[in-house]
Amino acid sequence: PQLIARINREVTGVHYLKLEDPPVGPKLTRIRELTQDRMKIFGGLGGAYFLEELQRGAVGIMTGLAFPEILVRIFHKFTSGDRLGAAETFDHYMPLIRYEAQPKIGLAFRKYIYQRRGLIATTTVRHPGPTLDTYTARELEEIIQRVGLSLEKVGVQEVI
């Protein structure tokens with residue numbers, strides 16, 4: 001936090017931060033204090049701490065969750081004052097957020113979902129990234145179904 005605050009003070013044009021270094025909550029709070037809120041902070045880490053980041057003053061999130069409409073819903077509920085609704089939405093989708101945020105394989109999950117939803121043509125992940133085996137793909141699909149989502153094809157406007 002001290003280094004980030006110093007950069008914010010001394011480097012012209014540095015006003016935003018994507019915070020992905022755990023523990024994100026205490027760091028987010030400390031950076032906001034040290035910069036007197038001049039540094040605007042976005043959460044990350046697959047959305048796993050999005051609710052807590054918002055509660056501590058994050059201005060948004062930058063993550064690759066393959067269902068960004070969930071994050072948009074949480075953000076709009078929270079910023080409109082419906083904190084309970086934001087928490088309920090976050091909690092409901094947490095099994096998918098948690099599963100998809102796994103290190104090293106998360107991009108393969110996202111590409112699989114995007115391809116199934118008709119948003120990209122291929123699930124290919126650059127080397128050394130893994131591809132999904134049949135069992136893992138089925139496991140992911142079961143979680144998606146369990147939280148009430150679908151892998152039906154959608155238009156880009158429906159996602160954003």
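The values are calculated or read from the model by the stated rules, or taken from the named source; none is laboratory data. In this text, all values refer to a predicted model and were calculated from it rather than measured experimentally. All accessible areas refer to the heavy atoms of the entire protein, side chains included, with ligands and DNA or RNA removed. Shrake-Rupley method; radii C 1.70, N 1.55, O 1.52, S 1.80 Å.
Quick notes
- Evaluated over segment 68-160, the Cα radius of gyration and Dmax, each in Å: 14.2, 43
- Column: log10 I(q)/I(0), Debye, Cα scatterers of segment 40-111, q = 0.13, 0.20 Å⁻¹: -0.33, -0.76
- For Lys40, the amide hydrogen comes within under 5 Å of the amide hydrogens of Tyr16, Leu17, counting only partners 5 or more places away or on other chains and with H modelled in the peptide plane.
- When each of Lys40/Lys153; Lys18/Lys77; Lys27/Lys111 is checked by Cα-Cα distance, pairs over 27 Å: Lys40/Lys153; Lys27/Lys111
- Accessible surface for segment 1-129, divided over its residues, is 55 Å² per residue with a 1.4 Å probe.
- Per-selection Rg to Rh, segment 85-138 - Cα, Kirkwood hydrodynamic radius: 1.04
- Per the Debye calculation on the chain with a single equal scatterer at every Cα and no solvent contribution, log₁₀ I(q)/I(0) for q = 0.10 Å⁻¹ amounts to -0.42.
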